[in-house]
1. Kindly report the accessible area of the range 157-271 per residue (heavy atoms of protein chains, probe 1.4 Å, no ligands, DNA or RNA), in Å².
2. Once the Cβ-Cβ distance between Val175 and Glu277 is put in as r, and R0 is 45 Å, what FRET efficiency do you end up with, to the nearest 0.05?
3. Towards the positive end of the charge dipole of the range 180-311, with charges on Cβ (+1 Lys, Arg; -1 Asp, Glu), say which of Val188, Phe216, Val294 has the farthest Cα.
4. Roughly how large, in nm² to one decimal, is the mean projection of the convex hull of the alpha-carbon atoms in the range 449-492?
5. What lysines sit close enough to Lys385 to cross-link, taking a C-alpha to C-alpha distance under 18 Å and skipping anything fewer than 8 places away on the same chain?
6. To make sure I understand the rule: partners must be aspartates and glutamates, Cα under 12 Å from the Cα of Lys457, and not fewer than 8 residues away in the same chain. Which ones qualify?
7. Determine how many Å³ per residue the convex hull of the Cα atoms of the range 239-279 encloses.
8. Sorted by accessible area with a 1.4 angstrom probe, largest first, how do Tyr450, Tyr7 fall?
Amino acid sequence: VFTLPAYVKTMVGRGILGDKTKGGFYKRAGKDVLTLDPKTGEYRAKGGDEAIAKACKGLGKVEDVRERVKKLVATPGVVGEFAWQALSKSLAYSARRLGEICDDVTAIDDGMKWGYNWDLGPFETWDALGFSETTKRMKAEGIALPAWVDAMVAAGATGFYREGEIWSHTKGAYVARATDPREATFDVLRKGGAPVLKNNGAEAWDLGDGILGLTFKTKANSIDADVIKMLHEATAKAETDFRGMVIYNTGEFFCVGANLFAVVMAAQQKQWDGLREMIHGYQYATQRMKYAKVPVIAAPYNMTLGGGLELCYGCDGVQAALETYAGLVEVGVGLIPGGAGTLNMLWRSLEAVPEGVEIDTQAFVVQTFKNIALAKVATSADEAKAFGFFRPTDGVSFDRARQLHEAKQRAIGLAASGYHPPTPRSYKLPGESGIATLQMMVNTLMAGGYASEHDGKIAMKLANVLCGGAAGGAGPVDEDRMLELEREAFLSLCGEPKSQERMQYMLMNQKPLRN
């Protein structure tokens, strides 16, 4: 019989039952969230022991989830002990349920990952901690394990999973893992023992069927000089030796944009030539893909922000995971998009206009301005289509496990249907009159307290780019002119002290600064 702790019984007696009763284990106090102290029964500020907070913060920097959970449990003191107590009992319970609720370990692992958003299922976690040592520690502490786990130990098993196989608790041996070819991972699809191209930021692999697969290796799949270099090289390689390319990343986020630390350091050291070269390099990397001789498909998921969305704009098509958060959010760090994002978001909205048809582009410019200036973020792939971030014809993968397969098939389909790159377009933009209209909008927001003076400065830099400069209304504005305007606006904002403050604050606090 499970017995509730005394402090929980006290909470029930006091009617502290959750948000609807104005308090539970946590309680809101204005903008702050207080936590219940089980020893005193009173609420206190979140936090507590600084050593614990420091240990947890350090673990958060470990990107590989298997390595992170192993280091968590191995952390000396209360942090590691708490993690072990919580995890060990969950792992043992999962083992005891095998055969009762499902027939193999993958079903439980997948259920926990799909249903509860775990990064690793319980048996994957067990393997990550080390099967043998974890099992020994459980038994030493008297944690009940089913007989089939003892049989694994006796048979010399090294884990629940091994290359292409899983442990069968009914057969007492490893068996081939049932696989769906549509769920083949990047590691399974890649051919040969080495990448076709490689540097510190990215790798390009042969994925078979004439498709080159490009994947990033940077922290949070951010864009740095190595990634930019690889985009150029991989596109050229795809044109000569392949019939299409897929950009497919792994990890928590598809791409969080530019390496902000590198940008702010260069700005503080006034390395303007280096910054200009980096911006120019990324702008023309996205343009290089856009006009490549072979189709390029992006497979975005989760956070696809800033340079991540600009990357998608440079591709001929997108196969997005349903849960994709997309937007150009650079204003939050005091900048505007610098990877052809202003050009391609506006051009994307205009691409259905037939060649030779003259239209008033003001409404398109205003909506694009709002999307970027307000850092509008779509919260799903379908919403990204509605916002115009993705095309209506782009694909959406409901099952993330099949996204790579579906992205590859999209690239193959385009290549097999006689793909030809698009033709560059030019448009007559609002120019000086459009800038004046957007200035009135910005002044209204500032007067109402919805935007700071620096917000206004950023917005007007953006307005100048989107309107094609003051002379944008004199005649068609080509892509190179737009990219030049974008580049100079980005660089000038990098030199603004308040933009540098925003970048630093984001790096230190992971949230935007309003200054």
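1. I get 48 Å² per residue for this part.
2. Taking R0 as 45 Å, the efficiency between Val175 and Glu277 is 0.25.
3. Val294
4. Numbers: hull surface 13.7 nm².
Projected area, direction-averaged: 3.4 nm².
5. Lys370, Lys376
6. Output for Lys457: Glu496.
7. It is 106 Å³ per residue.
8. Descending order: Tyr450, Tyr7.
The values are calculated or read from the model by the stated rules, or taken from the named source; none is laboratory data. These numbers come from a predicted model, not from an experiment. As a convention, Cβ positions derive from the backbone with ideal geometry for all residues, glycine included, and neighbour counts pool all protein chains shown. In case anyone asks, the SASA skips ligands and DNA or RNA and just uses the protein heavy atoms, side chains included. Shrake-Rupley method; radii C 1.70, N 1.55, O 1.52, S 1.80 Å.
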